[in-house]
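Encoded as structure tokens, the structure appears first; notes follow it.
The values are calculated or read from the model by the stated rules, or taken from the named source; none is laboratory data. What you are looking at is a predicted structure, and each value in this text was computed from that prediction instead of being measured. Heads up, the Cβs are rebuilt from the backbone with ideal geometry, glycines too, and the neighbour counts pull from every protein chain shown.
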Amino acid sequence: MAETARSAITSTGPFISRLFAALLLRRELYESVAADPSALRPAIAVVCVTAVVQHSVFQSPLLQDLGSWALLLVVLIAVVRWLVYAAIFYPLAKLFTQQQGALPRLLRCLGFAEAPSLMRASLLFVGPDAYPWVRVAVAIWLLAASIVAVRAALSISLRRAIVIGIIGFVLYLLPGVLLGV
């Protein structure tokens, strides 16, 4: 029984198990992903799956006009967004930890940290009055996942991970807030 639980928190194995462990913010999964260079593809898969789920929930009229190309565009935007997110965190990681070469580890961990975005699918099942609450809850969950990911990727204390996570999260959201998006 203990062996089954352990396999659910490694960087290999069934994708759904890893996705679920990422949703639960299992530090062991994030540490395993940070240490496993082959976990980049599953991290990209998490980013792509969350993009598809978000697209199915928030169908933009602009994207509907693009037909089947919309899904490809949504996935490409999600991958670019993930790369930008990691690019924001990387200088912060260097500043606060003086670590070199942490970008691949950050990319893998931050890819899995996108898993809470899947919870936006719950918007399909709640009334419009609950939308803001769900969005806030998912944003907080994403922040927490980012903190766990940064901590695992950089092997740092929780306090440093919180500082890096909050600063990075705010810097990432700032342009959207300023532009009113």
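For segment 129-141, check the following and say yes or no: at least one residue is at pLDDT 95 or above and in a helix (DSSP H, G or I). Within segment 129-141, one or more residues are at pLDDT 95 or above and in a helix (DSSP H, G or I).
Within segment 29-47, the residues that satisfy the criterion of being of a type outside the set (A, V, I, L, M), touching a residue at least 24 places away in the same chain (Cβ under 8 Å) and in contact with a helix residue (DSSP H, G or I) (Cβ under 8 Å, 6 or more places away or on another chain) are Y30, E31, D36, P37, P42.
Scanning segment 105-147 for residues that are polar (S, T, N, Q) and in contact with a Ser or Thr (Cβ under 6 Å, 6 or more places away or on another chain) returns a single hit, S117. Residues in segment 113-137 that are over 15 Å from V84 (Cα atoms) and either in contact (Cβ under 8 Å) with a residue 40 or more places away in the chain or crowded, with 20+ Cβ neighbours inside 10 Å (or both): A115, P116, S117, L118, M119, R120, A121, L123, L124. Residues of segment 122-141 that are of a type in the set (A, V, I, L, M) and more than 15 Å from the chain's Cα centre (by Cα): L123, L124, V126, A130, V134, V136.
Go through segment 117-169 and give me each residue that's of a type in the set (S, T, Y) and over 26 Å from P104 (Cα atoms). Before the answer, list the steps.
Residues of segment 117-169 of a type in the set (S, T, Y): 117, 122, 131, 146, 155, 157.
Those that are of a type in the set (S, T, Y) and over 26 Å from P104 (Cα atoms): S122, Y131.
Can you find even one residue in segment 68-81 that is outside any helix (DSSP H, G or I), free of Cβ contacts under 8 Å to residues at least 12 places away in the same chain and on the phi > 0 side of the Ramachandran plot? There is no residue in segment 68-81 that is outside any helix (DSSP H, G or I), free of Cβ contacts under 8 Å to residues at least 12 places away in the same chain and on the phi > 0 side of the Ramachandran plot.
Being assigned to a helix (DSSP H, G or I), touching a Lys or Arg at 6+ places or on another chain (Cβ under 8 Å) and modelled with pLDDT under 95 is a property that holds for V53.
Suppose the filter is out of contact with any strand residue (DSSP E or B) (no Cβ under 7 Å at 6 or more places or on another chain) and in a loop (DSSP other than H, G, I, E, B); does G111 pass it? Considered against the rule, which asks whether it is out of contact with any strand residue (DSSP E or B) (no Cβ under 7 Å at 6 or more places or on another chain) and in a loop (DSSP other than H, G, I, E, B), G111 comes out as no.
Taking segment 88-112 as the range and being surrounded by fewer than 14 Cβ atoms within 10 Å (Cβ to Cβ) and modelled with pLDDT of 90 or more as the test, only P91 passes. Select from segment 142-181 the residues that are assigned to a helix (DSSP H, G or I) and more than 17 Å from the chain's Cα centre (by Cα) and list them in ascending order. Within segment 142-181, L158, R159, R160, V163, L174, P175, G176, V177, L178, L179 qualify. When segment 149-177 is filtered for residues that are surrounded by fewer than 14 Cβ atoms within 10 Å (Cβ to Cβ) and either small (G, A, S) or in contact (Cβ under 8 Å) with a residue 60 or more places away in the chain (or both), the ones remaining, listed by number, are S157, G176.
For segment 9-23, the condition holds for no residue, the condition being that it is assigned to a helix (DSSP H, G or I), aromatic (F, W, Y) and modelled with pLDDT of 95 or more. When F96 is tested against the conditions (1) of a type in the set (F, W, Y); (2) free of Cβ contacts under 8 Å to residues at least 40 places away in the same chain; (3) under 17 Å from A161 (Cα atoms), the lone failure is (2).
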